[in-house]
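> Handing you this structure, nothing more for now.
The values are calculated or read from the model by the stated rules, or taken from the named source; none is laboratory data. Note that the coordinates shown come from a computational prediction; the quantities given were computed from them, not determined experimentally. Positions of Cβ are backbone-derived with ideal geometry, glycine not excepted, and every protein chain shown enters the neighbour counts.
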Amino acid sequence: MAKVKITETILRDAHQSLIATRMKLDEMLPAVELLDNIGYNALECWGGATFDACLRFLNEDPWERLRAIKRIARKTPLQMLLRGQNLLGYKHYPDDVVRYFVQKSIANGIDIIRIFDALNDTRNIEVSIDACIKEGGHPQGCISYTTSPYHNAEIFVKDAKRLEEMGAQSICIKDMAGLLVPEDAFELVSAIKANIKVPIELHTHYTSGLGSMTYMRAIQAGVDIIDTAISPFAMGTSQPPTEPMVAALAGTPYDTGLDVKELSKISAYFRPIREKYIASGKLDTRMLCPDVNALIFQVPGGMLSNLVSQLKQAGAMDKYDAVLEEVPRVRADLGYPPLVTPTSQIIGSQAVLNVLAGERYKTVTKEVKGVVAGEYGKTPAPIDPEFRKKILGDREPITCRPADLIEDKLPEYRKEAAQYIEQDEDVLTYALFPQPALAFFKNRQLQKYNYDEAHSDAQKMAHYI
Ligand code: CO
């Protein structure tokens with residue numbers, strides 16, 4: 001029986017899940033050496049929403065953040081989360097942008113790229129896996145876990161085999177909503193383990209309070225790696241806490257080999273940072289209470305709170321139960337996509353519209369039309385032809401890989417952002433988030449200008465003195 005390995009999420013998913021991705025680089029850096037010395041399988045520290053948050057809220061260059069962490073963390077592989085053809089944005093990007101982004105991520109310090117697609121359409125992740133292999137990185141193929149009358153262990157085994165064939169060097173089961181219950185985890189991991197050779201990693205969230213138990217059963221089924229967060233930023237909508245998992249496995253055949261005393265130094269460092277975010281209201285401790293609604297309605301906690309805010313805005317909170325019943329119906333109509341960005345928002349908004357209008361699909365959002373038209377890829381279950389006709393009329397859906405219809409665009413982006421580019425990576429920042437990127441670039445120029453001015457004033461003064 002092999003030892004269980006641990007990927008630490010404090011630098012990415014933990015703060016993305018609990019404080020809207022607001023942790024700053026200078027709050028991370030003092031802990032990086034400690035983290036690097038623990039012996040983790042990997043430090044997840046980049047990708048997901050961190051890139052967007054750096055630019056939009058923190059006035060940080062996401063590339064510089066990665067380089068700064070890499071300068072200290074020389075021993076532990078650095079890991080990022082990538083939304084396949086969507087990269088770190090919310091739409092499909094051309095293949096040349098995807099390849100260049102992967103190249104630069106690895107060149108700046110990423111070792112392992114976890115790649116997923118909201119529909120589990122492997123065509124949406126094949127280019128990033130291929131690019132990662134070419135750049136000498138470790139591509140991890142990811143299955144977005146969900147439950148539906150269509151999904152079962154067999155379907156996920158098929159996905160995992162396909163990812164392995166495509167060159168994935170490990171497979172992740174990504175339970176972003178915390179829906180995976182312990183016995184299903186045992187069954188799923190056993191089934192995948194029996195069919196593939198590469199290591200299996202399980203990623204869950206503590207949302208429904210089951211996370212640590214789910215890991216325990218997955219470990220008994222042979223899972224190789226689990227994702228945890230150091231305790232001050234664990235539980236609630238984040239990952240199960242690292243130290244209790246390490247302590248629970250110590251002395252068993254699954255011993256992680258990690259030292260709880262060393263881990264407690266890291267918790268001690270992050271505890272005051274947690275207190276700071278509680279005091280500022282950014283960390284809402286109510287979110288730390290297990291939410292079994294996620295299990296009852298089979299929807300992610302974040303989606304429930306979005307629905308509540310949409311209904312409050314419409315002054316229609318009395319329709320909450322009706323909307324909750326409508327969500328699974330819309331999801332069935334759309335071929336049972338996993339509820340993850342962006343499908344959770346697409347389905348939630350349409351369910352609200354259907355209930356408020358008193359007639360289903362009286363108004364149809366552009367995004368729902370896009371899903372039905374195949375623009376996001378192939379849905380897990382086929383869409384009923386009658387329903388498709390109702391939504392699209394005579395318009396034919398596409399059946400190819402969506403990015404096959406997108407022209408390469410890197411040279412165009414380069415031209416558009418030319419006057420602001422100071423490093424190769426800037427064109428990618430611009431391609432992903434044009435508006436926040438330009439604001440960031442302008443601010444960067446201004447800061448530099450002020451610095452130069454101040455400097456030359458000081459020199460003039462020196463001359464006179
Ligand atoms: Co996650």
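> How many residues does the range 136-188 contain that are in a helix (DSSP H, G or I) and either crowded, with 24+ Cβ neighbours inside 10 Å or in the same structural domain as residue 299 (by TED's automatic domain parsing) (or both)?
Selection size over the range 136-188: 4.
> When only residues in the range 22-31 that are over 21 Å from the mean Cα position of the chain (by Cα) and aliphatic (A, V, I, L, M) count, which is farthest from the ligand (Cβ to nearest atom)?
Here the residue is 29.
> When you go through (1) in contact with a strand residue (DSSP E or B) (Cβ under 6 Å, 6 or more places away or on another chain); (2) not in a loop (DSSP other than H, G, I, E, B) one by one for residue 238, which number turns out not to apply?
(2)
> A follow-up question, please. Report, by residue number, each residue of the range 91-108 that is of a type in the set (Gly, Ala, Ser) and buried (at least 21 other Cβ atoms within 10 Å of the Cβ).
Passing the criteria: only 105.
> Mind checking which residues of the range 266-281 are in contact (Cβ under 8 Å) with a residue 40 or more places away in the chain and either out of contact with any Lys or Arg (no Cβ under 9 Å at 6 or more places or on another chain) or not assigned by TED's automatic domain parsing to the domain that holds residue 246 (or both)?
Scanning the range 266-281 gives 266, 269, 270, 273, 274.
> So which residues in the range 195-215 are in a loop (DSSP other than H, G, I, E, B) and either more than 11 Å from the ligand (Cβ to nearest atom) or touching a strand residue (DSSP E or B) at 6+ places or on another chain (Cβ under 9 Å) (or both), if there are any at all?
Hits for the range 195-215 are 195, 196, 197, 198, 199, 205, 206, 208, 209, 210.
> While we're on this one: Examine the range 142-153 for a residue that is modelled with pLDDT of 95 or more and over 18 Å from residue 337 (Cα atoms), and state whether such a residue exists.
Within the range 142-153 (the criterion being modelled with pLDDT of 95 or more and over 18 Å from residue 337 (Cα atoms)), the answer is no, since none of the residues qualifies.
> Here is a further query. Filter the range 217-229 down to residues that are buried (at least 20 other Cβ atoms within 10 Å of the Cβ) and in a helix (DSSP H, G or I), then give me how many there are.
Qualifying residue count for the region: 3.
> Let me ask something else about it. Kindly indicate whether residue 19 is within 15 Å of the ligand (Cβ to nearest atom) and either touching a residue at least 24 places away in the same chain (Cβ under 8 Å) or among the basic types (Lys, Arg) (or both).
Here the answer is yes, as residue 19 does meet what is asked.
> With respect to residue 210, is the statement that it is buried (at least 20 other Cβ atoms within 10 Å of the Cβ) and at pLDDT 95 or above true?
The answer is yes for residue 210.
> Looking at (1) buried (at least 23 other Cβ atoms within 10 Å of the Cβ); (2) small (Gly, Ala, Ser); (3) over 18 Å from residue 111 (Cα atoms), can you tell me which one residue 84 breaks?
Of (1) buried (at least 23 other Cβ atoms within 10 Å of the Cβ); (2) small (Gly, Ala, Ser); (3) over 18 Å from residue 111 (Cα atoms), only one is false for residue 84: (3).
> Given the criterion more than 16 Å from the ligand (Cβ to nearest atom), assigned to a loop (DSSP other than H, G, I, E, B) and modelled with pLDDT of 95 or more, identify the matching residue among 100, 40.
When all the criteria are applied, what remains is 40.
> Just a yes or no: is a residue in the range 220-229 in contact (Cβ under 8 Å) with a residue 24 or more places away in the chain, away from the ligand (no atom under 16 Å from the Cβ), farther than 24 Å from residue 183 by Cβ and not assigned by TED's automatic domain parsing to the domain that holds residue 340?
Scanning the range 220-229, I find no residue that is in contact (Cβ under 8 Å) with a residue 24 or more places away in the chain, away from the ligand (no atom under 16 Å from the Cβ), farther than 24 Å from residue 183 by Cβ and not assigned by TED's automatic domain parsing to the domain that holds residue 340, so the answer is no.
> Right, something else. Please enumerate the residues belonging to the range 194-219 that are β-branched (Val, Ile, Thr) and out of contact with any Gly (no Cβ under 6 Å at 6 or more places or on another chain).
196, 198, 200, 214, 219
> Sort out which residues of the range 64-97 are hydroxyl-bearing (Ser, Thr, Tyr) and either within 16 Å of the ligand (Cβ to nearest atom) or under 22 Å from residue 403 (Cβ atoms) (or both), and write them in order of number.
Those that are hydroxyl-bearing (Ser, Thr, Tyr) and either within 16 Å of the ligand (Cβ to nearest atom) or under 22 Å from residue 403 (Cβ atoms) (or both): 90, 93.
> Another question about this same structure. When you look at residue 421, is it surrounded by fewer than 17 Cβ atoms within 10 Å (Cβ to Cβ) and farther than 21 Å from residue 83 by Cβ, yes or no?
It is true that residue 421 is surrounded by fewer than 17 Cβ atoms within 10 Å (Cβ to Cβ) and farther than 21 Å from residue 83 by Cβ.
> Let me ask another. Among the residues of the range 354-369, are any surrounded by fewer than 18 Cβ atoms within 10 Å (Cβ to Cβ), within 25 Å of the chain's Cα centre (by Cα) and more than 30 Å from residue 318 (Cβ to Cβ)?
No: zero hits.
> Do you know which of the residues in the range 156-194 that are at pLDDT below 95 and of a type in the set (A, V, I, L, M, F, W, C) is farthest from the ligand (Cβ to nearest atom)?
179
> Let me ask something additional. Filter the range 1-16 down to the residues that are in a loop (DSSP other than H, G, I, E, B), surrounded by 18 or more Cβ atoms within 10 Å (Cβ to Cβ) and away from the ligand (no atom under 14 Å from the Cβ) and list them by number.
If the condition is that a residue be in a loop (DSSP other than H, G, I, E, B), surrounded by 18 or more Cβ atoms within 10 Å (Cβ to Cβ) and away from the ligand (no atom under 14 Å from the Cβ), then 4 is the only one that fits.
> Whether any residue in the range 43-55 is within 16 Å of the ligand (Cβ to nearest atom), in a loop (DSSP other than H, G, I, E, B) and surrounded by fewer than 24 Cβ atoms within 10 Å (Cβ to Cβ) is what I want to check.
yes
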